[in-house]
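The structure appears below as structure tokens.
The values are calculated or read from the model by the stated rules, or taken from the named source; none is laboratory data. Values in this document were obtained by computation on a predicted structure and should not be read as measured data. Please note: Cβ atoms are built from the backbone with ideal geometry, for glycine as well, and neighbour counts cover all protein chains shown.
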Amino acid sequence: MQEYDFRPIGIGEDELRAVAELFRVVWPEAEHLTRDYLHWLYVENPSGPVIGFNAWSGEVLAGHYVVIPIRAAFHGRPCQAALSLNTAVHSEHQGRGLFTRLAQQTYELAKSEGVHHVVGVANANSTPGFLRKLEFQLVKRLDARILWRQPTLRAASECAPPSWTRIWEPEDLRWRLQNPSVRYSVQTKRGCRQILAPTGKCRIHAILKLELASEAAALDGVDVDAGPLVGLKLWLGLSLRVKFSSLGGLAVPQRFRASPLNLIIRYLEPGSTLIEAQTVEFEAIDFDAY
């Protein structure tokens, strides 16, 4: 069996270039996975630098897996968490268990750095592997809705306290919207601010984040466009607070989804209280869809 050199990922320029080159081999059509994008995501994140491992075969980067630190509220208490993100195994090194070995070492390192749990969004193909091989638990399939009317928000006091939600401090939000690969826009209607991203589909924008305008953090120093005047909106997530008009949207049937997305979680601290799927607050901005 071929031996590999497993090393914690570095954030120097040469290593970021090697990762970007691996991504070009694995996903040749994913033009956004550039060195600049990786520097933004892996180095500039105000919650902390990337955590992960690379597998080297001599001078060839054979495999790569990372999580990025995030802030979360877990049963009402702030904690350090991580978001499972980029996984890539070179075509010549697949089928050798690299992803599992990289992930296990990543979680051990994350735990040693104080990470309480790892969350991720997996498609239908990858979910069984995360559950069976990596000890993740399925939280719930994300809702997907196509909207032609603006949704609104219930006050937090009207809903049960969330068992999980991501915490977006102003510096986190500004960083997220400075993604060099995407041009975001902002629109305020009916007392709610929408942060929007293009989906690549004609006149359809994804709602990344929906928040009460009175509570929304200022986006000083962030270059965003005004929201589109026409077109449909896509909402992905889990929420008790979001109110959808009965005549203003349509839940996307499972058979029409390109790949149903599942929220998954792995607890790194033994004895952690499970989160309750029905009270999770999770939006598209909380992962890397756009």
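Which of the residues belonging to the range 1-48 are part of a helix (DSSP H, G or I), among the hydroxyl-bearing types (Ser, Thr, Tyr) and touching a residue at least 60 places away in the same chain (Cβ under 8 Å)?
Taking the range 1-48 as the starting set, the residues that turn out to be part of a helix (DSSP H, G or I) are 13-26, 35-42.
Now drop any that are not among the hydroxyl-bearing types (Ser, Thr, Tyr), which leaves 37, 42.
Residue satisfying the conditions is Tyr37 alone.
Name the strands (runs of 3 or more DSSP E) wholly inside the range 184-290 in which the number of residues that are of a type outside the set (Phe, Trp, Tyr), within 28 Å of Val118 (Cα to Cα) and under 17 Å from the mean Cα position of the chain (by Cα) is 3 or more.
Numbers: elements: 185-189, 192-198, 204-212, 232-238, 249-251, 261-267, 280-283.
It comes to 192-198, 204-212, 232-238, 261-267, 280-283.
Of the strands (runs of 3 or more DSSP E) that lie entirely inside the range 120-183, those containing 1 or more residues that are hydrophobic (A, V, I, L, M, F, W, C) and surrounded by fewer than 17 Cβ atoms within 10 Å (Cβ to Cβ) span 137-141, 143-147.
The single condition among (1) assigned to a helix (DSSP H, G or I); (2) within 27 Å of His116 (Cβ to Cβ); (3) out of contact with any helix residue (DSSP H, G or I) (no Cβ under 6 Å at 6 or more places or on another chain); (4) not basic (Lys, Arg) that Thr100 does not satisfy is (3).
Taking the criterion of being under 26 Å from Tyr42 (Cα atoms) and of a type outside the set (A, V, I, L, M, F, W, C), the residues of the range 172-193 that qualify are Asp172, Arg174, Arg176, Gln178, Asn179, Pro180, Ser181, Arg183, Tyr184, Ser185. Residues that are in a helix (DSSP H, G or I) and among the hydrophobic types (A, V, I, L, M, F, W, C) do not occur anywhere in the range 79-94.
Among the residues making up the range 49-60, those that are touching a residue at least 40 places away in the same chain (Cβ under 8 Å) and surrounded by fewer than 21 Cβ atoms within 10 Å (Cβ to Cβ) are Trp56, Ser57. Restricting to the range 82-104, what's the tally of residues that are free of Cβ contacts under 8 Å to residues at least 24 places away in the same chain and over 23 Å from the mean Cα position of the chain (by Cα)? Residues that pass the stated criteria total 3.
Being more than 23 Å from Trp235 (Cβ to Cβ), in contact (Cβ under 8 Å) with a residue 40 or more places away in the chain and not hydrophobic (A, V, I, L, M, F, W, C) is the filter here; which residues of the range 129-173 pass it?
First pass over the range 129-173, keeping only residues more than 23 Å from Trp235 (Cβ to Cβ): 129-137, 169-171.
With in contact (Cβ under 8 Å) with a residue 40 or more places away in the chain added as a condition, the list becomes 130-131, 134-137, 169-171.
Answer for the range 129-173, where residues must be more than 23 Å from Trp235 (Cβ to Cβ), in contact (Cβ under 8 Å) with a residue 40 or more places away in the chain and not hydrophobic (A, V, I, L, M, F, W, C): Glu135, Gln137, Glu169, Pro170, Glu171.
Kindly indicate whether any position in the range 209-218 is more than 22 Å from Val67 (Cβ to Cβ), surrounded by 15 or more Cβ atoms within 10 Å (Cβ to Cβ) and at pLDDT below 90.
Taking the range 209-218 as the starting set, the residues that turn out to be more than 22 Å from Val67 (Cβ to Cβ) are 210-218.
Those left that are additionally surrounded by 15 or more Cβ atoms within 10 Å (Cβ to Cβ): 210-212, 216.
Right, trim to at pLDDT below 90 and you get none.
Within the range 209-218, not a single residue is more than 22 Å from Val67 (Cβ to Cβ), surrounded by 15 or more Cβ atoms within 10 Å (Cβ to Cβ) and at pLDDT below 90.
Scanning the range 21-40 for residues that are at pLDDT below 95 and touching a Phe, Trp or Tyr at 6+ places or on another chain (Cβ under 9 Å) yields Ala30, Leu33, Thr34.
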